Amino acid sequence: MDMLFWPLYMMHWFRTLPFLTGWFLDRLLGDPEGWTHPVIWFGKWIAAGERKLNNSANRFMKGTFLAILLTGGTFTGCYLLLLITRNIHPLLADVLITIGVFYCLAGKTLIKEVKNVFEAVERNLEDGRKQVGRIVGRDTSELSEHEIKTAALETLSENLSDGVIAPMFWFALLGLPGMMTYKMVNTLDSMIGYRNERYKDFGCAAAKIDDMANYLPARITAYLMLAVSGNWNKRMFLAEFGNVHASPNAGYPEAALAAILDCRFGGPHAYFGEIVEKPYIGTNERLFTINDLHTAIRVNNKTEVIMGMIICLIVALNLIPL
């Protein structure tokens, strides 16, 4: 019997405490309004670099330089800070990891914002449009009630990958520096990774880096969603619809939720004054109800818990370069 359970004896479960504490704080507090946040700093650095470099000729090279500088600088800076704090005292490094994990995860905030959209649209259409405008990049001024709910559910599935599973994935590979660098990559893409006239050259590298960083996490998210919801038999749905999205990654979690809810996402959307025709994901066009929101939230929570448990196991096995 001892031989059977010897791997458990070899695990260093105490090493999971910084990650677990940061994760618990995110589930407890979310992103409290008024608190400073690393993503705000990232956004200021990106905006400053964009103002300085996104002009005249060689925009592709300038944008590539900015993306590499900020991602490389984030990883190096976080690694050195972790090294310095560990040399001062290991507990100080653990506190830094806890704070970093707390700031890098967005599980509670994501669910809260989507709930707020459904509550707002029940009050009146204009409130729903304003509320969904907080979490999507498209023009929301003329959205119908169904389009508002669709946008919210699409965002819930896509950002489960971007805001929870992907940060955990990069923590598993490269510790806190990897997790924090992923947030920089994601912020770069959200600010300059567009295909419009202003950013199509300057933000090209940022968008490609984000695509690579999310390739595996998006697929892990989608398959975990199907598994925890009892819809594993619908995994071929991902093969059919996962890659029809303009993004090589966003379509997978959206397709998973469409399969779970037996609904249809996608269609035309307005971005920065331009109509973008997005392919449909799923085939059953129907109106959404509050039950769909509750189902989607349960799937999000279960997927996050399973991924978190996997990360704890990896940490306990001493496989992460913390």
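Some points to look at:
- Ligands, DNA and RNA left out, the accessible area of the chain computed with a 1.4 Å probe is 63% carbon and sulfur.
- Loop-resident GluC sites (Glu not before Pro) (DSSP state other than H, G, I, E or B) in segment 88-170 with no more than 13 further Cβ atoms inside 10 Å of their Cβ: 142.
- If R0 equals 25 Å, the separation of the Cβ atoms of residue 89 and residue 318 corresponds to a calculated FRET efficiency of about 0.80.
- Whichever lysines have a C-alpha closer than 23 Å to that of residue 278, once near sequence neighbours (fewer than 8 apart) are set aside: 130, 149, 200, 208, 234
- Computed accessible area, residue 190, all protein chains, 1.4 angstrom probe, square angstrom: 60
- In Å², nearest 10: area of residue 71 left accessible to a 1.4 Å probe: 20
- Packing rank of 207-215, 86-94, 175-183, 277-285, where each peptide gets the mean count of other beta carbons within 10 Å, highest leading: 175-183, 207-215, 277-285, 86-94
- Our summary of shape: the Cα atoms of segment 190-300 have principal axis extents of 43, 29, 23 Å, ordered from largest down, in whole angstrom.
- Whichever aspartates and glutamates have a C-alpha closer than 18 Å to that of residue 52, once near sequence neighbours (fewer than 8 apart) are set aside: 189, 197, 201
- With protein chains left intact and a 1.4 Å probe, residues in the chain average 50 Å² of accessible area per residue.
- Extension gain, residue 145 to residue 243: 0.36 nm times the residue separation minus the Cα-Cα distance gives 32.6 nm.
- The chain: calculated mean residue ellipticity at 222 nm from DSSP helix runs of at least 4, using -39500 (n - 2.57): -22500 deg cm²/dmol
- The calculated FRET efficiency for the pair residue 195 and residue 295, based on their C-beta separation and a Förster distance of 25 Å, comes to about 0.15.
- Contour excess over end-to-end distance, with Cα ends at residue 126 and residue 24 and 0.36 nm allotted per residue: 33.3 nm
- Linear extension gain, residue 285 paired with residue 212, 0.36 nm per residue minus alpha-carbon span: 23.1 nm
The values are calculated or read from the model by the stated rules, or taken from the named source; none is laboratory data. Bear in mind the structure is a predicted one, so any value in this text is a computation, not a measurement. Here the Cβ is made from the backbone with ideal geometry for all residues, glycine too, and neighbour counts use every protein chain on show. Accessible surface areas use protein heavy atoms only, side chains included; no ligands, DNA or RNA. Shrake-Rupley method; radii C 1.70, N 1.55, O 1.52, S 1.80 Å.
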